[in-house]
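Take a look at the structure below.
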Amino acid sequence: MKKEKLSDQVAARIRQDIKENKYKTDEKIPAEPELMKIYAVGRSSVREAIKSLAMAGVLQVKQGDGTYVNKHADQMPMEQRLKNASFEEINAVRRLLEEEIVRLAAELHTLDDLAEMEKQLAARKQAILTEDRTACTNADIAFHMAIASSAGNSVLTALYQNFTQTIRSFFSQRELQGIAHFAMSHHLHEDLFAAIRARRKKQAVEIITFILNNNY
């Protein structure tokens, strides 16, 4: 093993051993001296690895007893879970995010934010007219991202951005009939933009909720 970031490498190997069921859920992992031998590293590297895994919820350190493997320690990373999630799960979380996003956007948007939304909404309409499914997808996602960016909360925007690849994947599977769904919902997107521009928060939330409740 490389000397550089030894603790990270030990943590990765412990995770792999848990995944392979070498260390079982709710059972104690070997003590520090044995872990040092197993992974051929010093005490500090083992301690740092255990500390990081405990902070991540993979391990639980019980003082005077030992270190145990937590339940669900082998859960997939968030990115992989998003890829494997059902559309219903993704849409439910997206609904929660977007309801708050449009509420904030209606309150906090700037003229530049509105200009970007309007630009992407126009691109969405043009893509529908030319029946360009890829362009529809790109413009739709860009329109919603423009709304998210106007919400004034960088964490909320980043969370929503993490969903965009999943949303894009869903669009590619759903739109076997072409751009029909984009066309049918375009007037709702125009209404959403109008509500945000007029700072009508309640109406904006109602529209985005309706869009996502019928996003099939």
query: By how many degrees, 0 to 90 and rounded to 10, does the Cα axis of helix 87-108 deviate from the longest principal axis of the chain?
result: 60
query: Where the only charges are on Cβ atoms (+1 Lys, Arg; -1 Asp, Glu), what is the dipole of the chain about its Cα centre, to the nearest 20 debye?
result: 700
task: With the full set of protein chains in place, find how many percent of the accessible area of the chain is carbon and sulfur; take the probe as 1.4 Å.
output: 51
task: Before anything else, pin down the relative contact order of segment 103-200: Cα pairs under 8 Å, at least 6 apart, normalised by residue count, whole percent.
output: 40
- prompt: Helix 180-197 versus the longest principal axis of the chain: what is the Cα-based angle in degrees, 0 to 90, to the nearest 10?
  reply: 90
message: Give me a comma-separated list of calculated 3J(HN,Hα) values for segment 132-147, in order, Karplus coefficients 6.51, -1.76, 1.60 applied at θ = phi - 60°, integers in Hz, x for any Gly or Pro.
response: 9, 4, 4, 5, 4, 4, 4, 5, 4, 5, 5, 5, 5, 5, 5, 5
field: For the chain, fraction of C-alpha pairs farther apart than 21 Å, in %
entry: 63
- request: Enter the angle in degrees (range 0 to 90, nearest 10) between the Cα long axis of helix 154-174 and the first principal axis of the Cα atoms of the chain, meaning the one along which they spread out most.
  value: 70
task: Express the relative contact order of the chain as a whole percentage, based on alpha carbon pairs under 8 Å and six or more residues apart in sequence.
output: 19
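Could you work out the relative contact order of segment 1-54? I mean the mean sequence separation of Cα pairs under 8 Å and 6+ apart, divided by the number of residues, in percent.
Working: 29 pairs, mean separation 26.2, N = 54.
Normalised by residue count, the contact order of segment 1-54 is 49 percent.
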- line: Contour minus Cα-Cα span, A198 to K19, at 0.36 nm per residue, comes to 59.2 nm
query: Pick from N138, N153, N21: which is most flexible by mean-square fluctuation in a GNM of the chain where alpha carbon atoms under 10 Å apart are linked?
result: N21
query: Debye sum, Cα scatterers, segment 1-71, no solvent: what log₁₀ I/I(0) at q = 0.16, 0.24, 0.27 1/Å?
result: -0.47, -1.11, -1.41
query: Which of R43, R103, R94 moves the most in a Gaussian network model of the chain with Cα springs under 10 Å?
result: R43
- line: HN-Hα couplings for segment 109-122 via Karplus (6.51, -1.76, 1.60; θ = phi - 60°), in whole Hz with x for Gly/Pro, come out as 4, 10, 4, 5, 4, 4, 4, 5, 4, 5, 4, 6, 5, 5
- prompt: So how far apart, in nm, are the two label points at S154 and T134 if each is 7 Å from Cα heading toward Cβ?
  reply: 3.3
field: Accessible surface, the chain, averaged per residue in Å² (probe 1.4 Å)
entry: 58
Max mean-square fluctuation residue, GNM over the chain, Cα-Cα springs under 10 Å, options L192, L104, L129: L129
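The values are calculated or read from the model by the stated rules, or taken from the named source; none is laboratory data. Owing to the predicted nature of the structure, the values given are computational and were not obtained by experimental measurement. Cβ atoms come from the backbone with ideal geometry, glycine included; neighbour counts cover every protein chain shown. Calculation scope for accessible area: heavy atoms of the full protein, side chains included, ligands and nucleic acids excluded. Shrake-Rupley method; radii C 1.70, N 1.55, O 1.52, S 1.80 Å.
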